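A short write-up of the structure that comes next.
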Amino acid sequence: MKKISVLIPCYNEVENVEPIAEAVEDVFQKSLPQYDYEILFIDNCSTDGTRDRLEAMCAGDKKIKAIFNATNFGQFNSPFYGMCQTTGDCTISMCCDFQDPVELIPVFVHEWEQGHRIVSGIKTSSRENPILYFLRSLYYKAVRRMSATEMIEHFTGFGLYDRTFIDILRQLDDPIPFLRGIVAEYGHGFNRKDVPYEQPKRRAGKTHNNFLTLYDAAMLSVTSYTKVGLRLATWIGFLSSGVSMVIALVYLVLKLVKWHSFQMGSAPLIIGVYMLGSLQLFFIGLIGEYILNINTRVIHRPLVVEERRLNFEEEDKAEED
């Protein structure tokens with residue numbers, strides 16, 4: 001019997017962990033009874049009672065597992081690490097807030113059985129804030145055009161991944177993995193299939209995304225998969241320095257010939273200083289993002305530090321044997 005792993009990352013989702021587990025179990029019992037399954041929650045150091053709820057769930061059902069992180073390791077490291085801890089023939093990664101529809105699990109499994117080793121859920125529409133969805137669309141299109149890798153628009157990581165792909169993830173030695181980029185980069189070799197869906201509203205609780213988390217996601221994709229920022233710094237730097245040189249020469253010539261109508265004063269100098277200063281500050285900041293990315297990879301801290309794990313006794317015993 002094939003085994004399917006369902007990975008559900010969570011952070012302060014006390015209202016959702018139990019309903020999402022029940023919904024996933026219901027799908028397997030009604031639509032996929034021929035498969036064995038496990039549900040793995042990886043908790044990013046919740047403080048709202050989520051861990052207590054997970055402990056009770058694990059105590060009542062051995063098919064539900066949990067990993068408790070020692071601290072919050074961010075929205076990318078924790079799910080990636082959790083995928084690498086699954087034991088199924090394939091892994092389905094989905095959010096805890098019901099914005100990734102559980103009804104698509106049988107669709108993903110069907111496509112997997114047809115030979116697609118990666119099945120990606122693609123948001124074609126969303127019931128979230130339309131302005132936010134529009135801004136996300138602009139972001140995806142911009143990154144796709146800037147990147148040498150053909151990035152996948154409106155793909156958040158929700159999908160099914162065959163064990164062969166999970167094995168590739170385990171081999172990657174990257175302390176800040178960007179799953180969306182990895183899937184886009186290697187997906188063609190795994191016969192990737194895209195499945196469209198409409199993203200529903202969050203079932204309960206509040207989203208943990210804010211400007212800083214969205215900015216972090218954007219910068220990780222830009223600095224990991226594009227060279228445009230650095231190239232722009234080089235090109236605009238050359239262009240602005242050339243323009244400044246021409247203006248300086250013209251200004252000098254006019255001063256030397258003491259042209260009687262030359263009354264430009266210090267305005268061009270002030271404008272030039274402010275313009276060049278603003279460009280320098282912008283690109284220093286952009287280059288700093290690339291350096292921060294490099295620095296994080298050089299330090300090479302672990303993806304996640306576990307505090308403890310629940311219902312992994314059989315796997316731990318097998319490793320000891």
Placing one identical point scatterer on every Cα of the stretch 1-128 and ignoring solvent, what is log10 I(q)/I(0) from the Debye formula at q = 0.11, 0.16 Å⁻¹?
-0.36, -0.79
Just to compare against my own numbers: the Cα pair-distance distribution for the stretch 11-59, 10 Å bins, whole % per bin, please.
25, 49, 22, 4
Filter on LYS2/LYS30; LYS63/LYS193; LYS30/LYS123 - keep pairs with C-alpha separation over 20 Å:
LYS63/LYS193; LYS30/LYS123
Protection proxy ranking, peptides 172-182, 287-297, average beta carbon neighbours within 10 Å, highest first
172-182, 287-297
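Taken together, the values in this text are just the output of simple stated rules run on the coordinates, not laboratory data. Just so it is clear, the structure is predicted and the values come from calculations on it, not from any experiment. All Cβ positions, glycine included, derive from the backbone under ideal geometry; neighbour counts span all protein chains shown.
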